[in-house]
Amino acid sequence: MNTRDLQYFQALTKIKSFSQVAANFHVTQPTISMAVKRLESHFGIQLIDRDQSHGVIKITPAGEQLAGHVQVIIAELTAAEAELARARSSKIRLGLPPIIGNFYFPKLAPQLVAADLMQHLQPLEKGSANLLEALRAGSLDLGLLGSSGPLDAPALEVQPLTASPFTIVVPPDHPLAQKPAVTFAEVADEPFVTLTEGFVHTKAFAWFTHASGVQPSIVYRTADVSLLKRMIQTHVGIALLAQMAVLPSDNLVAIPIIAANQPAFDIALVAGKNAAPTPELTQLTQILLAAAKGEYHAHRK
């Protein structure tokens, strides 16, 4: 038995036409017929009912049973081929959400350059929710994902790295800019500019509004963090942002929020499903974990 016979048979159970299956695989019709006969000989049972009078075929109960197993076998073989291809490659498919890619990952770049790892990275920038699905599907090797609170990702290996508190961000001449901290109720009457759905900040904003019992007005939504900051600078509105996303060069003020048990912008290292443990991937993981450990101790001092 060979895998090509199984592929022909799987296609035949779906299309139910020898000629069409042959055309799809660019082979002759007798090739498909011989493949089915080899499978029937191997298993010792009829798999296809050929109704010559009507020129159609029917799958026997045994054929339907085999078809279910074949689907699993081919899926596993396809996954194995992809994983082994990645194992032969030194490339690392790394998922980076925009805020982590712009404000956390650059701090790690010098170490990755020194370790000669930057050239091996194939970054994919999308929201954390989309990247999590890609990791579950096995189309990414590793992801640095953000979440509002600890990341829950069953069946994936999740290693927390660091966390950044959410803050209220205002221009330096705003009346709130001199406050050491604010409650969400204090900003209830302020217009807000926010990030669009799909960002972790959207969930955090919902948490703060629910916990405080207020619903501020949202005057603008954007997926562009730089544009969001310009909106704050020009007094269009204030914003909720993770502290790590506010740089000294932004000329903005990040004010801590007073709220019990509030979520933080958590960053976790998530390994993709069946990620091949290449030397490069192992080294990258070690550097990311070591950097996070060093940052944790720095915050503790």
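Bear in mind these aren't lab numbers, they're just calculated from the coordinates by the rules spelled out. These figures come from a predicted structure and were not determined experimentally. Because the Cβ atoms are built from the backbone with ideal geometry, glycine has one as well, and the counts that use them run over all protein chains shown.
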*Once both axes come from the Cα atoms, what is the angle between helix 279-300 and the longest principal axis of the chain, in degrees from 0 to 90, rounded to 10?*
20 degrees
*Ranked from highest to lowest mean number of other Cβ atoms within 10 Å per residue, what is the order of the peptides 117-125, 262-270?*
262-270, 117-125
*Which Rg and Dmax, in Å, describe the Cα atoms of region 107-242?*
17.6, 51
_Using θ = phi - 60° and Karplus 6.51 cos²θ - 1.76 cosθ + 1.60, couplings along region 100-117 (whole Hz; Gly, Pro as x)_ = 5, x, 8, 10, 10, 4, x, 5, 8, 4, x, 5, 6, 5, 4, 8, 6, 9
*What number comes out for the charge environment of Q286, summing +1 per Lys or Arg and -1 per Asp or Glu over other residues with Cβ under 13 Å away?*
0
_Can you tell me what share of the DSSP beta bridges in the chain is antiparallel? A percent to the nearest 5 is fine._
70 percent
*asked:* Ranking request for peptides 248-255, 7-14, 140-147: highest mean number of other beta-carbon atoms within 10 Å first, then the rest in descending order.
replied: 140-147, 7-14, 248-255
*Return the single residue from A271, A245, A260 with maximal mean-square fluctuation; model: Gaussian network over the chain, springs between Cα atoms under 10 Å.*
A260
*asked:* If you average 1/r across every pair of different Cα atoms in region 217-301 and take the reciprocal, what Kirkwood value do you get, in Å?
replied: 16.5 Å
*Rounded to two decimals, what ratio of Rg to Rh does the chain give with C-alpha atoms and a Kirkwood Rh?*
1.18
*Stretch Q65-Q178 to full length: gain in nm at 0.36 nm per residue minus the Cα-Cα span?*
33.5 nm
*Please pull out the direction-averaged projected area of region 3-88, using the convex hull of its alpha-carbon atoms, in nm² to one decimal place.*
6.2 nm²
*Over the residues of region 163-264, compute the C-alpha Rg and express it relative to 2.2 N^0.38 Å.*
0.95
